[in-house]
Structures are given as structure tokens and as C-alpha cells.
Amino acid sequence: MKRLVRFALNHLSRPTVQRIAGVAIPFCGLFMRGHRVECPVCGRKFRKFFSYGYVEMRGGALCPHCMSLERHRLLYLWLERNTDLFTAPYRLLHIAPEHCFLRPFERLVGDKYVTADLESPLAKVKLDVQQMPFDDCEFDVVICNHILEHVDSDRKALEEIFRVMRCGGWGILLSPVDYGLESSYEDPTKTTPEERREAFGQPDHLRIFGRDYADRLRAAGFEVEEIRATDFLSAEEITRYGIATDRIHFVRKSQG
Ligand SMILES: [Zn+2]
């Protein structure tokens with residue numbers, strides 16, 4: 001099983017993997033029913049979450065129904081408990097939309113929910129995050145997860161996200177961060193998939209963010225808050241919802 005997952009992640013395109021997984025995983029999940037763990041995104045309960053991982057397999061990672069990962073469950077719980085996203089009439093831009101969030105966000109946010117991506121068939125608008133076809137201040141909330149490590153210029157992408165967000169608006173900008181690194185590492189001379197895998201851990205990554213990640217968000221103009229699971233969840237909840245050590249980067253654009 002682990003080998004099969006690794007093969008699929010290495011050899012098939014992301015949309016293909018998502019399509020196959022969207023059918024196969026909920027089917028396998030039928031055999032995982034139980035009460036030990038609970039996915040807050042789809043609301044289902046299981047004996048355990050599936051193992052999953054690109055570089056390293058992680059136990060208890062993947063929801064057997066909606067395919068949420070640890071960071072998705074953490075983010076969903078935080079949005080639900082600490083924001084009014086699901087009750088206020090916000091215009092929400094979701095860049096590179098994750099499969100697990102589509103249904104709940106569409107149900108809770110309604111027709112003010114705009115999904116966007118360069119190639120994902122899940123997205124309504126096709127765009128490059130470094131040059132978006134939206135007006136200034138068009139969105140109240142922007143969610144953009146695990147994209148900034150893929151683009152040519154994270155600085156340009158952040159400037160664009162800042163531009164399309166209204167003053168007083170807020171967002172979530174998650175990226176993988178290596179907290180062992182003081183400064184983010186990038187090297188524009190690494191251009192082939194092999195060189196990038198060697199340098200940055202994945203063939204489609206262009207940098208590894210370090211402890212200066214929040215400062216890079218601040219450089220684009222945002223106010224930044226870094227939130228850990230232990231800031232708002234009990235130890236029992238962290239176990240029950242299958243949450244890891246991910247952190248949420250919450251950004252706000254000041255009223256100006
Ligand atoms: Zn789920």
C-alpha cells in the first residue's frame with residue numbers, strides 16, 4: 001500500500017492522483033468505520049486515519065472519507081472556532097483548493113466562494129497566483145495553502161494576494177516550513193526536477209522556507225499571527241482529530 005501511494009505521487013499528475021484517490025479512498029474508508037478518531041472536515045468517525053506522506057509516510061494522516069490531512073483538520077477547527085467565515089457573507093478566494101474543503105466551503109460560504117488554480121480541475125478560475133485577474137480589494141478572505149514553495153517568485157505571489165484582499169480583510173497562508181533553518185533556502189540555478197528534488201525535497205519545489213517565513217509575509221504588508229494546535233485545542237482533541245505539529249499562519253491587511 002505504502003509503495004503504491006509513493007508510486008502514484010511520484011509518477012502521476014496531481015489532478016490524476018486526486019481523481020483516483022477521490023474514488024478509491026472513500027471506498028477503503030468503508031472498512032475503517034469506528035469511533036476512535038474523528039474528522040472535523042467531513043464529520044465522520046473511524047478506527048484510525050490512513051498513513052500518508054510524500055517524503056516520509058506519516059501514521060494517522062489521511063481521512064479515509066474526505067482525504068483531509070493533519071493540517072487541513074487543524075485549519076478547519078481553527079476557522080470554525082476562531083473566525084466567522086462560515087456565518088458572515090464573506091467573499092472568499094481559495095487558491096489551489098484542497099479536495100476536502102470544496103464541499104464544506106461551498107455549503108457554508110455559498111456563491112461568494114471562488115476557487116482558483118493554474119491547472120487543477122477542481123478550480124473555477126484558471127490563473128497564475130503571481131498575476132491574478134482580479135480587481136484590487138476584491139476579496140474579504142484569501143486562503144492559499146502550499147503554493148508559495150512552488151512559484152517562481154513568492155514575493156510576487158504575496159504582493160498579488162495582498163492587492164486582491166480588501167483593507168481589514170484576512171487570510172491563511174500555509175507553507176511547509178523547516179523550523180531548523182534560520183533563513184529560507186532558494187537557489188535559482190536548480191532548474192531541473194532532479195536538481196530541485198535534491199535541493200528542496202520535491203521535484204516541483206523552488207525553495208525551503210525557514211524561520212523567516214512569517215517575516216516574508218510581513219514584507220508583503222501583512223500583519224502575521226502564528227498559531228499552534230496547543231493554542232486552542234486540548235491534548236485529547238489533538239489525538240482525536242489527528243493533528244500534528246503544523247502551524248497556521250493567519251494574516252491580516254490593516255484598515256490602512
Ligand atoms: Zn474527513
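The values are calculated or read from the model by the stated rules, or taken from the named source; none is laboratory data. As the structure is a computational prediction, the values presented were derived from the model and not from experiment. Glycine gets a Cβ as well: all are built from the backbone with ideal geometry, and neighbour counts include every protein chain shown.
Considering only residues that are hydrophobic (A, V, I, L, M, F, W, C) and in a loop (DSSP other than H, G, I, E, B), which ones fall in segment 176-235?
Leu181, Leu206, Ala220, Phe222, Phe232, Leu233
Looking only at segment 26-51, which residues are more than 10 Å from the ligand (Cβ to nearest atom) and closer than 25 Å to Ser175 by Cβ?
Phe50, Ser51
Applying the selection to segment 131-146, what residues are out of contact with any Asp or Glu (no Cβ under 6 Å at 6 or more places or on another chain) and part of a loop (DSSP other than H, G, I, E, B)?
Once the filter is applied, which keeps residues that are out of contact with any Asp or Glu (no Cβ under 6 Å at 6 or more places or on another chain) and part of a loop (DSSP other than H, G, I, E, B), segment 131-146 yields Pro133, Phe134, Asp135, Asp136, Cys137, Glu138, His146.
Exactly one of (1) part of a strand (DSSP E or B); (2) at pLDDT 90 or above is unmet by Arg107. Its number?
Here Arg107 clears every test but (1).
Name the residue that is nearest to Thr245 (Cα to Cα), counting only residues in segment 52-69 that are within 12 Å of the ligand (Cβ to nearest atom) and assigned to a loop (DSSP other than H, G, I, E, B).
Selected residue: Leu69.
Would you check which residues across segment 31-44 are surrounded by 13 or more Cβ atoms within 10 Å (Cβ to Cβ) and under 13 Å from Arg73 (Cβ atoms) and list them?
Scanning segment 31-44 gives Val37, Glu38, Cys39, Pro40, Val41, Cys42, Arg44.
Under 9 Å between Cβ atoms, at least 6 apart or on separate chains: pull out the pairs that start in segment 10-26 with a residue that is in the same structural domain as Tyr52 (by TED's automatic domain parsing) and end on any residue that is modelled with pLDDT of 70 or more and in a helix (DSSP H, G or I).
Note: pairs meeting the criteria are Leu12/Ile20; Gln18/His99; Ala21/His99; Gly22/His99.
Tell me, which residue of segment 110-131 that is at pLDDT 95 or above and more than 24 Å from Ile248 (Cα to Cα) is farthest from the chain's Cα centre (by Cα)?
Taking the candidates together, the pick is Gln131.
Quick one: in segment 135-151, which of the residues that are surrounded by fewer than 17 Cβ atoms within 10 Å (Cβ to Cβ) and of a type outside the set (D, E, K, R) is farthest from Met165 (Cα to Cα)?
His146
Can you confirm whether segment 54-62 contains a residue that is loosely packed, with under 15 Cβ neighbours inside 10 Å, in contact (Cβ under 8 Å) with a residue 60 or more places away in the chain and over 27 Å from Glu138 (Cα atoms)?
Yes, the conditions are met somewhere in segment 54-62.
Does Ser120 count as part of a loop (DSSP other than H, G, I, E, B), polar (S, T, N, Q) and more than 16 Å from the ligand (Cβ to nearest atom)?
Answer is yes for this residue.
Return only the number of the condition from (1) in a strand (DSSP E or B); (2) within 19 Å of Thr87 (Cα to Cα) that Cys167 does not satisfy.
(2)
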